[in-house]
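A short write-up of the structure that comes next.
The values are calculated or read from the model by the stated rules, or taken from the named source; none is laboratory data. The model shown is predicted, which means the values in this text are computed figures rather than measured ones. For neighbour counting, all protein chains shown are included, and Cβ atoms are generated from backbone atoms with ideal geometry for every residue, glycine included. Quick note on the areas: whole protein, heavy atoms, side chains included, nothing else; ligands and nucleic acids left out. Shrake-Rupley method; radii C 1.70, N 1.55, O 1.52, S 1.80 Å.
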Amino acid sequence: MLNFEYYAPTKVVFGRDAEAETGRLVKEQGARKVLVHFGGGSAKKSGLLDRVCDSLTAAGVDYVTLGGVVPNPRLSLVRKGIELCRQEGVDFLLAVGGGSVIDSCKAIGYGLANEGDVWDFYVGKRKPTGCAPVGAVLTIAAAGSEMSASSVITNEDGGLKRGFSTDYARCRFAVMNPALTCTLPQYQTMVGCVDILMHTLDRYFTNTPGAQLTDQIGEALMRTVMDNAKILLHDPNNYDARAEIMWASSLSHNNLTGCGMAADWSCHQLEHEFSGMFDVTHGAGLAAVWGSWARYVYRENPVRFAQFAVNVMGLPNHFHDPERTALAGIEALEAFFRSIGMPTSIRDMGITVTDEQIAEMALKCSFFDTRTLGCFKVLDKADMANIYTMAR
Ligand code: NZQ
Ligand code: ZN
């Protein structure tokens with residue numbers, strides 16, 4: 001097991017009607033003026049936004065609103081948000097939505113707490129010295145941004161999607177009412193389940209030995225997500241299944257499933273180029289690339305893939321032939337993705353990529369040939385292009 005720091009400072013308020021606590025939670029943070037940030041309309045339509053604003057008013061907290069965050073949140077709205085918050089004297093950012101809204105809040109938070117262009121942080125030009133405080137009322141179980149250190153922003157200028165992580169940006173609190181996710185279209189529920197799985201998978205496929213407890217937490221989390229995704233396919237209003245998946249979304253990305261191990265993250269990095277260039281839904285892009293990545297790398301450590309096949313996918317162990325067990329596990333996860341309506345190739349997402357586009361994705365993903373990806377198998381630009389080609 002490797003040395004590690006585990007930092008999960010977010011206060012979680014979980015359960016039915018939890019959003020009624022928002023005003024109290026914001027007040028606890030000492031906020032005087034709040035930006036209520038939201039997406040394209042689902043929170044308005046469901047009445048959630050009004051309930052949250054009423055709760056702020058009841059707690060005596062002033063607020064302004066800014067909607068319009070889109071999936072793969074855009075830098076232009078972040079800039080608009082920073083300007084608005086400066087004009088209005090906002091000192092607390094409240095996200096009412098999913099990962100995109102939370103990430104947009106985190107980016108606005110960096111902009112408020114630091115001088116200069118906020119994009120500099122996402123391209124590694126400078127380091128921030130803080131982030132204005134952020135809280136979340138979560139409406140979709142997926143990205144895990146409610147407890148993660150990350151935010152992922154897309155710069156429309158050049159189609160670059162970049163993630164940036166610091167502990168400054170961790171949410172002060174996360175309000176999680178699983179019932180709020182019942183209004184999600186089935187497709188969004190399922191891409192969320194893939195993202196939750198992938199936050200653990202991208203940590204789980206490692207060559208670090210000796211993290212048994214972390215392994216077993218991750219394996220239980222993945223089985224739980226798959227079991228409950230299957231329930232939601234046929235019974236989308238099942239509260240307990242929604243609750244299991246919502247809690248898994250946070251635990252899968254607050255690093256509980258990565259303690260003591262070196263994380264790989266290749267699939268996430270490979271996916272960001274699909275989102276940046278083709279604006280695909282993050283979870284769908286992950287499902288589309290995972291199988292190709294797995295087939296490209298599994299020979300580095302077939303026993304690890306065999307462990308996944310047996311402990312997570314419930315397959316028999318061919319002890320004498322770990323490669324056979326490993327491949328069966330890869331096929332089983334791809335079959336699961338298909339069973340919940342997810343793509344397992346780029347074509348399945350309705351996109352035909354040219355050789356030139358594959359070269360462009362590999363170039364961008366390798367930060368213009370200045371970085372490699374992963375640690376399970378270290379991938380260079382040529383490997384990235386090979387995986388994109390396999391996934392097409
Ligand atoms: O905009 P509205 O109308 O609210 O619709 C949203 C959006 O279209 C809809 N939605 C959300 N809650 C709903 C709802 N519709 C009906 N009922 C509800 N209760 O769902 C759509 C997707 O929302 P989004 O916030 O984009 O989803 P998600 O949470 O999957 O976030 C995706 C973004 O997070 C990033 C992704 O790359 C992507 O940009 N990620 C962020 C991470 C982080 N910060 O730690 C880690 C992840 O790996 C990921 O990269
Ligand atoms: Zn993700």
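A compact table of results
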{"read-out": "Accessible surface of D321 - all protein chains present, 1.4 Å probe, nearest 10 Å²", "value": "60"}
{"read-out": "Whole-Hz couplings from phi, Karplus 6.51/-1.76/1.60, listed for region 157-174; x for Gly and Pro", "value": "6, x, x, 9, 10, 9, x, 8, 10, 8, 5, 4, 8, 5, 4, 5, 8, 9"}
{"read-out": "12 Å beta-carbon shell around G99, net charge (K/R +1, D/E -1)", "value": "-2"}
{"read-out": "Relative contact order of region 48-151, pairs being alpha-carbon contacts under 8 Å that are 6 or more residues apart, as %", "value": "28"}
{"read-out": "GluC sites (Glu not before Pro) restricted to region 103-195 and DSSP loop, no more than 16 other C-beta within 10 Å", "value": "E115, E156"}
{"read-out": "Charge dipole (debye, nearest 20) of the chain; +1 at Cβ of Lys and Arg, -1 at Cβ of Asp and Glu", "value": "440"}
{"read-out": "Spatially proximal lysines relative to K80 (Cα-Cα < 30 Å; intrachain offsets below 8 disregarded)", "value": "K11, K27, K33, K44, K45, K106, K125, K127, K161, K364"}
{"read-out": "Computed [θ] at 222 nm, deg cm²/dmol, the chain (DSSP H ≥ 4; -39,500 (n - 2.57); rounded to nearest 500)", "value": "-15500 deg cm²/dmol"}
{"read-out": "Nitroxide proxy distance, nm - points 7 Å out along Cα→Cβ at Y187 and D54", "value": "3.3"}
{"read-out": "Residues R223 and A113, FRET efficiency given R0 of 56 Å [Cβ-Cβ distance, rounded to 0.05]", "value": "0.90"}
{"read-out": "Accessible carbon and sulfur surface of the chain relative to its total accessible area, %, 1.4 Å", "value": "51"}
{"read-out": "Accessible-area ranking of W290, W265, W119, W247, largest first, probe 1.4 Å", "value": "W247, W265, W119, W290"}
{"read-out": "Residue-count net charge about S148 - beta-carbon cut-off 13 Å; Lys, Arg +1, Asp, Glu -1", "value": "-2"}
{"read-out": "Total formal charge among the other residues, if their Cβ is under 14 angstrom from that of L363, Lys/Arg +1 and Asp/Glu -1", "value": "-4"}
{"read-out": "Sequence ranges 188-201, 98-111, ranked by mean other-Cβ count within 10 angstrom, highest first", "value": "98-111, 188-201"}
{"read-out": "Fully extended contour minus Cα-Cα distance, from T129 to L233, at 0.36 nm per residue", "value": "33.0 nm"}
{"read-out": "Check: region 1-56 dipole with +1 on Lys, Arg Cβ and -1 on Asp, Glu Cβ, in debye", "value": "200"}
{"read-out": "Probe 1.4 Å - accessible area at R392, Å² to nearest ten", "value": "80"}
{"read-out": "Å² of accessible area per residue within the chain, as computed with a 1.4 Å probe and no ligands counted", "value": "40"}
{"read-out": "Region 161-290, dipole about Cα centre (Lys/Arg Cβ +1, Asp/Glu Cβ -1), debye to the nearest 20", "value": "260"}
{"read-out": "For the chain, convex hull of alpha carbons as volume per residue, Å³", "value": "126"}
{"read-out": "Sequence ranges 275-283, 83-91, ranked by mean other-Cβ count within 10 angstrom, highest first", "value": "275-283, 83-91"}
{"read-out": "Phi to ³J(HN,Hα) by Karplus 6.51 cos²θ - 1.76 cosθ + 1.60 over region 95-106, Hz, x for Gly, Pro", "value": "8, 10, x, x, x, 5, 5, 4, 5, 5, 4, 4"}
{"read-out": "Heavy atoms of D50: accessible area, 1.4 Å probe, square angstrom to 10", "value": "100"}
